[in-house]
1. Does residue A:53 meet the test of being surrounded by 16 or more Cβ atoms within 10 Å (Cβ to Cβ), more than 14 Å from chain B (Cβ to nearest Cβ) and more than 23 Å from residue B:121 (Cα to Cα)?
2. Regarding the stretch B:24-42, can at least one residue be identified that is in contact with a helix residue (DSSP H, G or I) (Cβ under 8 Å, 6 or more places away or on another chain), surrounded by fewer than 16 Cβ atoms within 10 Å (Cβ to Cβ) and in a strand (DSSP E or B)?
3. For residue A:103, work out the one condition from (1) surrounded by fewer than 17 Cβ atoms within 10 Å (Cβ to Cβ); (2) not in a helix (DSSP H, G or I) it doesn't fulfil.
4. Looking at the stretch B:173-180, is at least one residue free of Cβ contacts under 8 Å to residues at least 60 places away in the same chain and in a loop (DSSP other than H, G, I, E, B)?
5. Which residues, counting only those in the stretch A:86-108, are more than 28 Å from residue A:35 (Cβ to Cβ) and in contact with a helix residue (DSSP H, G or I) (Cβ under 9 Å, 6 or more places away or on another chain)?
6. Between B:132, B:123, which is at pLDDT below 95 and more than 14 Å from the chain's Cα centre (by Cα)?
7. Has the stretch A:101-111 got any residue that is closer than 16 Å to residue A:27 by Cα, touching a residue at least 12 places away in the same chain (Cβ under 8 Å) and within 14 Å of chain B (Cβ to nearest Cβ)?
8. When the stretch A:138-169 is examined, which residues are found to be surrounded by 15 or more Cβ atoms within 10 Å (Cβ to Cβ), within 12 Å of chain B (Cβ to nearest Cβ) and either modelled with pLDDT of 90 or more or in a loop (DSSP other than H, G, I, E, B) (or both)?
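The values are calculated or read from the model by the stated rules, or taken from the named source; none is laboratory data. Nothing here was measured: the structure is a model prediction, and the numbers come from that model. With ideal geometry, Cβ positions are generated from the backbone for all residues, glycine too; neighbour counts draw on all protein chains shown.
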């Protein structure tokens, strides 16, 4: 079921109906089929995407293998912030894991909203803070925990990933081989 | 030489003299000796710190060894954002590498400024975005590059680290042993 952009934003900030209309008018619609690429490595990521329904993952290629960086679900936001802000080539590929409906906004329109609706800056700050915390949690888990602990942490912090994502993507997110993930899961059940 | 808080903030935002006075009044002063701890693991990081002069590093302990997460120089900002925002126990220790003068602000005062000076939200957003990009660059370098490439990238992107930081901290930041760093440096000179 689709999640509303208005409800999602108004969890953080109170906008007037008129302000929300200005915001909504800046977003365009895009749909992706399962496995379709949203943006590719070595291109500039020009938009911020809101996921009305579906799942996006991004991955990087390391020693010829895909390493999944993160999963983004219905109601979430995705961009390659570095590429988006600095117009640099992206070092990652973003792909739909299932059929996905997106709303997306350009940098120009985002800057316009920041100027016209000062409250929107607050929303931008909260999003950037959440993105930072999510990335720190993930990298801390990769650095400080072993594979089994990482799996248990994922189960506790983000059970949605375990429920909804194919095993081989979860393994590539945890930095382990699919066989190791199967072994960990099997040992936990016993 | 000390860097001014006013000049640093006004690079991003134009404040009136009165607004800047409100901002400055929220900050308190702290000085640290070389190697003194700013905040420790398993305590809540309650402040955002501006480095007027000096160097801060944070580290985590992995398999009994210190792993340096990042270095913050004169004119920069430091906090453990996750601990600060969610009042959770920090997973890192922050320490002065040399004598360091700081200005610091509490969460309550920061929230007050966000409310009173809408422009300040913009500053907060830009800081959070920069923090995210810095962390992504660092984790990408750790994931995608080998030790020699990581050293060369550091030399290119942040020569200040090479100039000012003791070798053993640089090695722990690059995720290698001090002997490996010496070998890399020696081979580059030859």
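1. On the way: surrounded by 16 or more Cβ atoms within 10 Å (Cβ to Cβ): yes; more than 14 Å from chain B (Cβ to nearest Cβ): yes; more than 23 Å from residue B:121 (Cα to Cα): yes.
For residue A:53, the condition - surrounded by 16 or more Cβ atoms within 10 Å (Cβ to Cβ), more than 14 Å from chain B (Cβ to nearest Cβ) and more than 23 Å from residue B:121 (Cα to Cα) - is met.
2. No, that holds for no residue.
3. The failed condition is (1).
4. Going residue by residue through the stretch B:173-180, those that are free of Cβ contacts under 8 Å to residues at least 60 places away in the same chain are B:174, B:176-180.
Checking which are in a loop (DSSP other than H, G, I, E, B) leaves us with B:176-177.
Yes, because at least one residue in the stretch B:173-180 is free of Cβ contacts under 8 Å to residues at least 60 places away in the same chain and in a loop (DSSP other than H, G, I, E, B).
5. Here is the first cut: in the stretch A:86-108, the ones more than 28 Å from residue A:35 (Cβ to Cβ) are A:86, A:108.
Residue satisfying the conditions is A:86 alone.
6. Working: B:132 fails: more than 14 Å from the chain's Cα centre (by Cα).
Answer to the check: B:123.
7. As a first pass, look at the stretch A:101-111 and keep what is closer than 16 Å to residue A:27 by Cα: A:101-111.
Checking which are touching a residue at least 12 places away in the same chain (Cβ under 8 Å) leaves us with A:101-107, A:109-110.
Now drop any that are not within 14 Å of chain B (Cβ to nearest Cβ), which leaves A:107, A:110.
Taking every residue of the stretch A:101-111 in turn, at least one turns out to be closer than 16 Å to residue A:27 by Cα, touching a residue at least 12 places away in the same chain (Cβ under 8 Å) and within 14 Å of chain B (Cβ to nearest Cβ).
8. A:145
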